[in-house]
Each structure stands twice: as C-alpha cells, then as structure tokens.
Amino acid sequence: MAELRGLPSLAVLLPEGWVRFRFDDTVDAQVDGAVAVILSGVETGRRDLARVQLRRLLADMVARARGNAYELWMPIAPTGGVTIPVTMTVAPSPAVLDPARPAGDHLTAFAASAPDARFIDVGGRPAVRIAADVAGARNAAGEWTEMPRRRITTLVSPAEDGEWLVFFAEIVVPQDGAAEIVAACEFFVDAFLTTVRFPPGRGGPSGADDHRGRASDDR
C-alpha cells in the first residue's frame, strides 16, 4: 500500500446513526464522543460496564484500521430504524501509482482487474468501482469467527496532482436473505459515495493540521 501521508481533505454526508473517525491526534476524543452517543440509549445501571466494553471495541477497530487508512465510517445506531451491516474505510491506493501517467490509464488498468468493474463518479471525479466476495472463517465448533463479506473497492484521484484514494466498503453477509440484503447494501454504498465532495483547491492528501474536529465536513 502507498505510504500514508497527511489526511485527505474531503466532505461526506453521513447517514443517520453513522460516525466518522479521522485518524489524527483527536481520534481518542472522537471514540469517546461515539461512546457517549451510544450510551445515551443504554439503561443507567448498565452504562459503566457498557462504557468499558464499547470503548474497548471501538478503540480496537480504530487501532486495526488506522495503520493503513485515513478514516473509518461506520454505524453506531440504526439508520431509519434499520442497522446497516456496512463499514467504510478511506485509504491510499494499495499500490503506488505512477504520477507521470494519465489518471485514465490507472483507472482503465484497475477496471481490467475485475470483470464487473464499473466507471462511476465520486466527488465530480472519474472513478472505478469493483466488487469481490471475501470468505468467512469458522472455528473448530463451526461458529463464525469472521463473517463472510462483500467488499466494494472504489479508486479515485481527487485532483490532478497524482494522489489517489480508495474507498473500501465492507458488507457483512448474513446467513438469511443474503442476496437481497447484500444488493440493498450495495445500493446504499453507491448512494453514500455520491455525497463525497473534494473541496476546490484541496483535493488529495494534505497536512493533517488543517482537518481536525469536524464530524463530516473538513473544508
């Protein structure tokens, strides 16, 4: 994966019940804020234990993602009464792409890597979206230790500066009604990405000091 630089400048419209973690020096406070939101719906007598468990769970998720990503978007409450089994990660390109080559060449090559690739638009910029199934894992007792997932990967260059971003969407595949639920989640992911915006003159990764403390808009 390409080297992590400063956080990218982008805006996104978060759905109801979702939180955006940006991996800068305020991320611990961001986790605490998310925990507080979740605890507001927990019975008073159960909050102390829930606080410890939730803090550990979210901190572990952030720790796993922040080593190779810029941001993590995830639901912490239902959206329209429905819990959506999707998380989104914003990361640099998995491969270092030659900035001297036209962006269209890189997108075409990426599209050629998957038979169902689609050219789309993200933030007013051309992008390519591919999808793949990721197998789950079971323990000796046959219990799921890692659920099967549908992974949607979208590659885009926010500006004409040779920088690239990848949006990874992970859809947890349920055991009942999987096809219908996964199809609905893919539609959700595609709609979600239409809300992404790259502020004029600030596309691509830049200094992290410029982008702190905002939940969904870092202009």
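The values are calculated or read from the model by the stated rules, or taken from the named source; none is laboratory data. Owing to the predicted nature of the structure, the values given are computational and were not obtained by experimental measurement. No Cβ is skipped: glycine too gets one built from the backbone with ideal geometry, and neighbour counts run over all protein chains shown.
Taking the criterion of being touching a Ser or Thr at 6+ places or on another chain (Cβ under 6 Å) and of a type in the set (S, T, N, Q), would at least one residue in the stretch 133-148 satisfy it?
Yes, that holds for at least one residue.
How about the stretch 68-97: which of its residues are within 22 Å of V12 (Cα to Cα) and either in a helix (DSSP H, G or I) or of a type in the set (G, A, S) (or both)?
A69, A77, G80, G81, A91, S93
Can you report the number of residues in the stretch 147-172 which are of a type in the set (K, R) and in contact with a helix residue (DSSP H, G or I) (Cβ under 8 Å, 6 or more places away or on another chain)? Break it down stepwise before answering.
Pass one, the stretch 147-172, residues of a type in the set (K, R): 149-151.
If we keep only those that are in contact with a helix residue (DSSP H, G or I) (Cβ under 8 Å, 6 or more places away or on another chain) too, we end up with 150.
The qualifying residues number 1.
Can M61 be described as closer than 24 Å to D133 by Cα, outside the structural domain of F188 (by TED's automatic domain parsing) and either at pLDDT below 90 or not aliphatic (A, V, I, L, M) (or both)?
Yes; evaluated as a whole, the condition is true for this residue.
Is it the case that some residue within the stretch 53-66 is in a loop (DSSP other than H, G, I, E, B) and out of contact with any helix residue (DSSP H, G or I) (no Cβ under 8 Å at 6 or more places or on another chain)? Spell out the reasoning first.
First, pick out the residues of the stretch 53-66 that are in a loop (DSSP other than H, G, I, E, B): none.
No: zero hits.
With in the same structural domain as A169 (by TED's automatic domain parsing), closer than 21 Å to L10 by Cα and either touching a His at 6+ places or on another chain (Cβ under 6 Å) or surrounded by 14 or more Cβ atoms within 10 Å (Cβ to Cβ) (or both) as the only criterion, which of I120, I130 stands out?
Numbers: I130 fails: closer than 21 Å to L10 by Cα.
The unique qualifying residue is I120.
So which residues in the stretch 123-146 are touching a helix residue (DSSP H, G or I) at 6+ places or on another chain (Cβ under 8 Å) and hydrophobic (A, V, I, L, M, F, W, C)?
The answer is A127, V128, I130, A131.
How many residues does the stretch 132-190 contain that are in a loop (DSSP other than H, G, I, E, B), in contact with a strand residue (DSSP E or B) (Cβ under 7 Å, 6 or more places away or on another chain) and not aromatic (F, W, Y)?
Residues meeting the conditions: 8.
Within the stretch 22-40, is even one residue in a loop (DSSP other than H, G, I, E, B), of a type outside the set (S, T, Y), within 24 Å of T195 (Cβ to Cβ) and not assigned by TED's automatic domain parsing to the domain that holds F192?
Among the residues of the stretch 22-40, at least one is in a loop (DSSP other than H, G, I, E, B), of a type outside the set (S, T, Y), within 24 Å of T195 (Cβ to Cβ) and not assigned by TED's automatic domain parsing to the domain that holds F192, which makes the answer yes.
Mind checking which pairs have a first residue in the stretch 136-164 that is closer than 30 Å to D98 by Cα and surrounded by 15 or more Cβ atoms within 10 Å (Cβ to Cβ) and a second that is small (G, A, S) and modelled with pLDDT under 85, Cβ under 7 Å, 6 or more apart or different chains?
Listed by first residue and then by second, the contacts come to P158/G203; P158/G204; A159/G203; A159/G204; E163/G204.
Under 15 Å from the mean Cα position of the chain (by Cα), crowded, with 16+ Cβ neighbours inside 10 Å, under 19 Å from V189 (Cα atoms) and in contact (Cβ under 8 Å) with a residue 12 or more places away in the chain, is that true of L10?
Considered against the rule, which asks whether it is under 15 Å from the mean Cα position of the chain (by Cα), crowded, with 16+ Cβ neighbours inside 10 Å, under 19 Å from V189 (Cα atoms) and in contact (Cβ under 8 Å) with a residue 12 or more places away in the chain, L10 comes out as yes.
As an exercise: evaluate G41 against (1) of a type outside the set (D, E, K, R); (2) out of contact with any helix residue (DSSP H, G or I) (no Cβ under 8 Å at 6 or more places or on another chain); (3) at pLDDT below 90; (4) surrounded by 13 or more Cβ atoms within 10 Å (Cβ to Cβ) and give the number of the one condition it does not meet.
Status for G41: all satisfied but (4).
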